[in-house]
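J.: This is the structure I want to talk about, given as structure tokens.
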Amino acid sequence: MKLFCLRFTFITALFLIGTAVKSQIFKDPKQPVEVRVQDFISKLSLKEKVDQLMNSTPAIPRLGVPAYNWWNEALHGVARSGIATIFPQAIGEAATFNPVLLKKISTAIATEARASYNISRDKNAGLQYGGLSFWTPNINIFRDPRWGRGQETYGEDPYLTSSMGVAFVQGLQGNDPLHLTAAACAKHYVVHSGPERLRHGFDAKVSMQDMRETYFPAFEALAKTGVEAFMTAYNSVNGEACSSSGFLIDTILRKEWGFKGHVVSDCDAVEDIYKGHHMAKTAAQAAAMAINQGMDLNCGTTYFALLKAIKEGLTTEANIDSALAAVTRTRVKLGLFDPKGTNPYDEIGPDEINSDAHRALARQAAEESIVLLKNDNTLPLRNDLKKYFITGPNASSVDALLGNYFGINNQMSTILEGIAGEIAKGSQMQYRKGILLDRPNANPIDWTTGAAKEADVIFAVIGIDGTLEGEEGEAIASPHYGDRLDYNIPENQIAFLEKLRKDYKGKIVTIVTGGSPMNLTKVHALSDAVLLVWYPGEEGGNAIADVIFGKVSPSGKLPVTFPMSLDDLPPYEDYAMKGRTYRFMDKVPMYPFGFGLNYGKFVYQDLKANEQTYKAGDKLRVTATIRNAGKLASDEVAQLYIRVPQQNYLTPNYTLKSFKRIKVDAGGSSQVSFELSEKDLQIFDAAGKAQLVKGKYTIYVGGSSPLARSQELGAPKMASISIEVK
């Protein structure tokens, strides 16, 4: 009898376990996504549902569901986690004007993220920065150089930002129709670019024209590409907090653009609804406002108040279910509920992390990101000169390679190391830091400038780093919450450069690090060559050396305008585009958008269009020949701009509509072609409505934006033609 009872108990237990497994449809990869989502929701209590709507979601032991943290970063490599490949900062990636390369980069990032997740999924369950949902890319428009987080963006132009953003999302998420390698997130939706100090209560006033023409395009492009998530901004727009805006979240994002993913708040942005914007009196009211308008996931803890909000009749459990369904779909597509070994990405292993192939990709990206701002017959250099001297606060700095939202790597190539690695044996090279980054030396004795003057070439590595610019709380040396309200680089750096230059007969190559425009007027005058290298990542030093010594030609282009002075710009808090960026500035800049020299000597000629009179609905094809009259092969970024007839409302000076990166051999030529649609010829009127205006249009093709200033600085003359729109 006892044996019978034991057998009965064992069989019953097996039956119950089997029944439990069969009943957990949400864990079955063979089931449709929506079936799995609804099964999961049906098993939760109201409190459990609410708990799953914040970034740090607790485990549900009775269902065998582990904890998960939605907050993970991968701006230019897997960040704040384990060892990973560190690619150039986003603004440097934008300077490549190479979406194909960026897609390869984000594919590598996703692969490394999966590898890390596969290794640590058991021991690091729920650990922040250990997941697969990444809150990147930042596709805000870098409208003002004072913004410390502009380095995270792809620059000031909507078309370039859209192109690069789409490429990044496609690579990060992968091309499997049922599974995500990783989940991308378009942030910060939508009008968000400083001031950092005011962001928790700031109201950006924006016209519908600027919204449609400047602030919306990249977000619309990513929504239609299938980005998995949108992150709302801290600030409000035209009186509505972004995290509870029915216009932005429901009307535009979901209905007009057809976005199907989930919406997450920036961290504690829901709390800002009542503490910063004062649009609600309590946490319950703020949480209800957000979820009622379609905010699914709360980074923070304010959504705990949803239980109270339901009791007070401010929202409903149906809204909770809708939000939970949105975030659960992402979890299912990521395979977070799948048994081990059933997801197509489970076999990605540790050899992918910081692999030789990914390091080579980082080097290529750094090389293509470098912008040559000046070259007075100095570069490329021979590597066998008698003596070289390298100095400056960022020569041996790792921080100058990183920017913000960065990962960790055990093989960082500083600028000092990269250049030293290319100097021929038998040549002499010396290094002294010389000065501190942003303050005078405490010791007045100078052992640097005198010794430097004995060299054939001085490399002066100056600029800024992430301690001076970045996010609120991140840039620890910034007196302005990460913003740069002083446009100049530190005064001690200019004084140091002047001391190096005085009575020196050799060449000074100045290497500038940083993630935003800065006043380089004196730097330009004091240097024989100027390289802007951004925050170039783990292979930065090697890539810079490759350019300096002619292994590759510099080919980066500026994704943002460098004004002469901040006095040339509207006030920082003014979000109107009039007077901003190359499209609407009426002042001559120091360095124009799209500008960047190389070692080739390019001539643009034979620009043609397939028709001289354009009618709505036609396809316009434009071709040009690019000839390299120089002695060195080089990549060139051919850029196409359109100038429309000026209207009685704000009209762009000209607008980037296409670009192509091509390589042209010395003495060779290549034909480049572009195809434009009616949408490319449209502008937006004061009400934000798209218009195809009649009249004479000018089409420019060249290696920079069509400012005379570009040619003054050495860019090739642009080719241009006119067409008539009837």
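J.: So residue 677 clears everything in (1) surrounded by fewer than 20 Cβ atoms within 10 Å (Cβ to Cβ); (2) more than 24 Å from residue 593 (Cα to Cα) except one condition, right? Which one?
T.: Only one criterion in (1) surrounded by fewer than 20 Cβ atoms within 10 Å (Cβ to Cβ); (2) more than 24 Å from residue 593 (Cα to Cα) is unmet by residue 677, namely (2).
J.: Could you list, in sequence order, all residues of segment 497-524 that are open to solvent by 10 Å² or more (accessible area, probe 1.4 Å), part of a strand (DSSP E or B) and under 24 Å from residue 384 (Cα atoms)?
T.: Within segment 497-524, 507 is the sole residue that qualifies.
J.: On the basis of being in contact with a Leu (Cβ under 9 Å, 6 or more places away or on another chain), farther than 17 Å from residue 647 by Cβ and modelled with pLDDT of 95 or more, does residue 686 make the cut?
T.: So residue 686 does not fit the description; no.
J.: Okay, moving on. Let me confirm something: among 644, 672, 622, 693, which residue is open to solvent by less than 30 Å² (accessible area, probe 1.4 Å) and within 30 Å of residue 530 (Cα to Cα)?
T.: 672
J.: While we're on this one: Within segment 525-532, identify whether any single residue is in contact with an Asp or Glu (Cβ under 7 Å, 6 or more places away or on another chain), among the acidic types (Asp, Glu), more than 28 Å from residue 367 (Cβ to Cβ) and assigned to a loop (DSSP other than H, G, I, E, B), and answer yes or no.
T.: no
J.: Please enumerate the residues belonging to segment 64-121 that are of a type in the set (Phe, Trp, Tyr) and closer than 23 Å to residue 637 by Cα. Show your work before the answer.
T.: Pass one, segment 64-121, residues of a type in the set (Phe, Trp, Tyr): 68, 70-71, 87, 97, 117.
Of everything in segment 64-121, those that are of a type in the set (Phe, Trp, Tyr) and closer than 23 Å to residue 637 by Cα turn out to be 87, 97.
J.: Any idea which residue in segment 20-37 is nearest to residue 180 (Cα to Cα), counting only those that are assigned to a helix (DSSP H, G or I) and modelled with pLDDT of 95 or more? Outline the logic, then answer.
T.: As a first pass, look at segment 20-37 and keep what is assigned to a helix (DSSP H, G or I): 20-23, 25-27, 33-37.
With the extra rule that they be modelled with pLDDT of 95 or more, the set shrinks to 25-27, 33-37.
Details: 25: 20, 26: 17, 27: 16, 33: 13, 34: 16, 35: 18, 36: 16, 37: 16 Å.
This residue is 33.
J.: Determine which single condition residue 337 fails, assuming it passes every other condition in (1) open to solvent by 20 Å² or more (accessible area, probe 1.4 Å); (2) of a type outside the set (A, V, I, L, M); (3) more than 15 Å from residue 113 (Cβ to Cβ).
T.: (1)
J.: When you scan segment 519-573, how many residues do you find that are closer than 16 Å to residue 375 by Cβ and within 20 Å of the chain's Cα centre (by Cα)?
T.: 6
J.: Then there's this: What number of residues within segment 345-371 are touching a helix residue (DSSP H, G or I) at 6+ places or on another chain (Cβ under 9 Å), open to solvent by 60 Å² or more (accessible area, probe 1.4 Å) and assigned to a helix (DSSP H, G or I)?
T.: Residues in segment 345-371 being touching a helix residue (DSSP H, G or I) at 6+ places or on another chain (Cβ under 9 Å), open to solvent by 60 Å² or more (accessible area, probe 1.4 Å) and assigned to a helix (DSSP H, G or I): 6 in total.
J.: State yes or no: is residue 166 surrounded by 24 or more Cβ atoms within 10 Å (Cβ to Cβ) and either touching a strand residue (DSSP E or B) at 6+ places or on another chain (Cβ under 7 Å) or aliphatic (A, V, I, L, M) (or both)? It would help to see each step written out before you state the result.
T.: On the way: surrounded by 24 or more Cβ atoms within 10 Å (Cβ to Cβ): no; either touching a strand residue (DSSP E or B) at 6+ places or on another chain (Cβ under 7 Å) or aliphatic (A, V, I, L, M) (or both): yes.
Answer is no for this residue.
J.: Looking at (1) more than 30 Å from residue 386 (Cβ to Cβ); (2) in contact (Cβ under 8 Å) with a residue 24 or more places away in the chain; (3) charged (D, E, K, R), can you tell me which one residue 568 breaks?
T.: Failed condition: (2).
J.: May I ask you to list the residues in segment 550-606 that are open to solvent by 30 Å² or more (accessible area, probe 1.4 Å), among the hydrophobic types (A, V, I, L, M, F, W, C) and assigned to a loop (DSSP other than H, G, I, E, B)?
T.: 552, 564, 576, 588
J.: In addition: Checking residue 425 against (1) free of Cβ contacts under 8 Å to residues at least 60 places away in the same chain; (2) farther than 24 Å from residue 498 by Cα; (3) of a type in the set (D, E, K, R); (4) in contact with a Lys or Arg (Cβ under 9 Å, 6 or more places away or on another chain): exactly one of these is not met. Which one?
T.: The failed condition is (4).
J.: For segment 377-414, which positions are of a type in the set (Ser, Thr, Tyr) and closer than 30 Å to residue 353 by Cβ?
T.: Passing the criteria: 396, 397, 405, 413, 414.
Let's see how each residue does on (1) among the acidic types (Asp, Glu); (2) under 30 Å from residue 712 (Cα atoms); (3) open to solvent by 10 Å² or more (accessible area, probe 1.4 Å); (4) modelled with pLDDT of 95 or more:
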position	(1), (2), (3), (4)
373	no, yes, no, yes
379	no, yes, yes, yes
418	no, no, no, yes
421	no, no, yes, yes
446	yes, no, yes, yes
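J.: So is residue 281 among the basic types (Lys, Arg) and farther than 22 Å from residue 227 by Cα or not?
T.: On the way: among the basic types (Lys, Arg): yes; farther than 22 Å from residue 227 by Cα: yes.
Considered against the rule, which asks whether it is among the basic types (Lys, Arg) and farther than 22 Å from residue 227 by Cα, residue 281 comes out as yes.
J.: Right, here's the next one. What number goes with the only condition from (1) under 20 Å from residue 261 (Cα atoms); (2) surrounded by 20 or more Cβ atoms within 10 Å (Cβ to Cβ); (3) in contact (Cβ under 8 Å) with a residue 60 or more places away in the chain that residue 321 does not pass?
T.: Of (1) under 20 Å from residue 261 (Cα atoms); (2) surrounded by 20 or more Cβ atoms within 10 Å (Cβ to Cβ); (3) in contact (Cβ under 8 Å) with a residue 60 or more places away in the chain, only one is false for residue 321: (2).
J.: While we're here: Return yes or no: is residue 342 hydroxyl-bearing (Ser, Thr, Tyr) and surrounded by fewer than 19 Cβ atoms within 10 Å (Cβ to Cβ)? Outline the logic, then answer.
T.: Values: hydroxyl-bearing (Ser, Thr, Tyr): yes; surrounded by fewer than 19 Cβ atoms within 10 Å (Cβ to Cβ): yes.
Criteria met by residue 342.
The values are calculated or read from the model by the stated rules, or taken from the named source; none is laboratory data. All values derive from a computational prediction rather than experimental measurement. Quick reminder, even Gly has a Cβ in these numbers, built from the backbone with ideal geometry, and neighbours come from all protein chains shown. Just so you know, the surface numbers come from the protein's heavy atoms only, side chains and all, with ligands and any DNA or RNA stripped out. Shrake-Rupley method; radii C 1.70, N 1.55, O 1.52, S 1.80 Å.
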